[in-house]
Amino acid sequence: MSKKRLPIMLLSLLIITFSIFMAGCTVKGGSVGDPATYIVSGYVLLSNGSPAPNTYVQLVTVSGSWTDPSGYYKLTGIPGGTYSLNVYTDCDGNWILSYVGSVDVSGNLILSNIILDSVIGHVQEPDGTPVANAQVTLWSSGTGNAVVDTDSSGIYLFTGMPNGTYTLNIYAPPGSNLTNKQENVIVSGDTNLGTITLQSSILVAPTISPSPGTVIQGQTSALTSTAVSTGTGPYTYQWLEKAPGGSYVDVGLNSASFNFVTSGATATGVWSFMLQVTDSTGAAVNSTAASVTVSAVPTVSIAPGGPLSMDVGQVQAFTATASGGTGTLSYQWYLDGSAVGTNSASYSYTASGTSHSVTCKVTDSASTPVASPASNAVSIKVTSSSSSSSSSSSSSSSSSSTTPKATPTPSPSPYSSPSPSPTVPEFPKEMLGITLVVSMVCAAFVAIMRRKRE
């Protein structure tokens, strides 16, 4: 090898070595000394399938991007590695961490759709009118405070709320007569919190009702009130009672219910009741009146009153006259304590045996039926027909023994009337047939004997 070619060979070797070094320091998508970077993209959607625009998608500590109107996001320049993927939603200026995931990046990625769960509810007035422009908040120590307003239909919607327990606050629109509402709710995936009613801040009278509305003396009627939720609690209660023809007086305790207990001395007729409610501000309202009708215990009497005397086989009709009780009365007749007859105000008795007793009871048709005491008892003495005949014969004999002897009649004249002509006894009709048969048999016998002789 000549000394002139040696420098050329050394230069070529140096160039090749440098090229190999540069090739080893060059990475895909970068330059000398730079790591490889990739693109991560996808869509964020609501649970109903509609896009979730203006949400913020972040690969923690590396890159972040807003979703466009279609819910699409694109993160560029992402080095390979494992990252936390967070999605934040805007609730009236409050950013809520709505989704947390994990992504392994080793190349360009198109991620599956990220679905954000929703929390929905409805706000209305006591009469069902939607409450628009009410402010609704969901708060928890982990997520902070999310805020939305109800729309014209009273609907509110939160998106991307993580599962957990929240405090739900609903603030009535300014200038309304509605009260605010607070309650604890649990969010698990898509959650429908249903309808929430904001009560009026003006105290509204409750409705009271009795049960039953009609009682018999000695029975009880329970009066109850609908729940009071308007005005400002706590509340105090005062019941008012009015007897028939009287005026209202205070009765009962500080309670939303009252028992009207009657006795035999309670006046019959219509009793009236009201409930007065007072809230903590001093506002007071009276319910409309409710009535309870008090009726007397049913009673019954029967006629004729007796005692009666009857012959065997004779029939006696009895009639019952009842009063008191509630509704339709049913009747039960008794003969010597045993039930007889039908459900009727009358009963027909046919005499038999010796001595008997007839009574009657009535039962009303109240919710708790009440039976009357037994009516007056009618006693019956029954006389047999043979005893009656014997009595008649005895009377006849007694009468003849005390009757004076009749005056003797004169003897008949010695001339008696001539004897009647003797009568021929009538020959029985049955014997005529027998005689005829015997005659025919004899004639036949004689004829046979003559033929034999000939």
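The values are calculated or read from the model by the stated rules, or taken from the named source; none is laboratory data. Everything numeric in this text was worked out from a predicted model, so none of it was measured. Glycine also receives a Cβ, built like all others from the backbone with ideal geometry; neighbour counts cover every protein chain displayed. Calculation scope for accessible area: heavy atoms of the full protein, side chains included, ligands and nucleic acids excluded. Shrake-Rupley method; radii C 1.70, N 1.55, O 1.52, S 1.80 Å.
From a point 7 Å beyond the Cα of Thr165 in the direction of its Cβ, which residues of the stretch 126-146 have a backbone N at a distance under 15 Å?
139-143
Compute the relative contact order of the stretch 313-366 as a whole-number percentage, counting only Cα pairs closer than 8 Å that sit 6 or more residues apart in sequence.
Working: 94 pairs, mean separation 26.4, N = 54.
That works out to 49 percent.
Could you do me a favour and compute the accessible area per residue for the stretch 91-186, 1.4 Å probe, result in Å²?
On the way: 4900 Å² over 96 residues.
Roughly 51 Å² per residue, with all protein chains present.
Expressed in nm to one decimal, what extension gain is obtained for the pair Ala284 and Gln182 from 0.36 nm per residue of sequence separation less their Cα-Cα distance?
34.2 nm
For Ser255 and Ser348, what does the FRET efficiency come to when R0 = 45 Å and r is the distance between their Cβ atoms, rounded to the nearest 0.05? Spell out each step's value before the answer.
Values: r = 55 Å, r/R0 = 1.23.
It comes out at approximately 0.25.
Given a 1.4 Å probe and heavy atoms of the protein chains only, how would you sort Ile155, Ile186, largest accessible area at the top?
Numbers: Ile155 60, Ile186 120 Å².
From most exposed to least exposed: Ile186, Ile155.
Just the number please: accessible area per residue for the stretch 294-363, 1.4 Å probe, all protein chains included, in Å². Could the numbers behind the result be given before it?
Working: 3400 Å² over 70 residues.
It amounts to 49 Å² per residue over the stretch 294-363.
Please work out how much length the chain gains when fully extended from Ser70 to Thr82, using 0.36 nm per residue of separation minus the C-alpha to C-alpha distance, in nm with one decimal.
On the way: separation 12, 0.36 × 12 = 4.32 nm, distance 2.68 nm.
Residue separation times 0.36 nm, minus the Cα-Cα distance, leaves 1.6 nm.
For the stretch 26-159, just say rounded, prolate or oblate: build the C-alpha gyration tensor, square-root its eigenvalues into a ≥ b ≥ c, call rounded for a/c under 1.5, and beyond that prolate if a/b exceeds b/c, oblate if not. If you can, show how the numbers build up before the last one.
Numbers: a/c = 3.75, a/b = 2.88, b/c = 1.30.
It comes out prolate by the Cα gyration axes.
Stokes-Einstein at 25 °C, 0.890 mPa s, Kirkwood radius from Cα pairs: D for the stretch 230-290 in µm² s⁻¹? Walk me through the intermediate numbers first.
Working: Rh = 12.7 Å.
Rounded, D is 193 µm²/s.
If R0 is 60 Å, what FRET efficiency do you get for Thr226 and Asn113 from their C-beta distance, rounded to 0.05? Could the numbers behind the result be given before it?
Working: r = 49 Å, r/R0 = 0.82.
It comes out at approximately 0.75.
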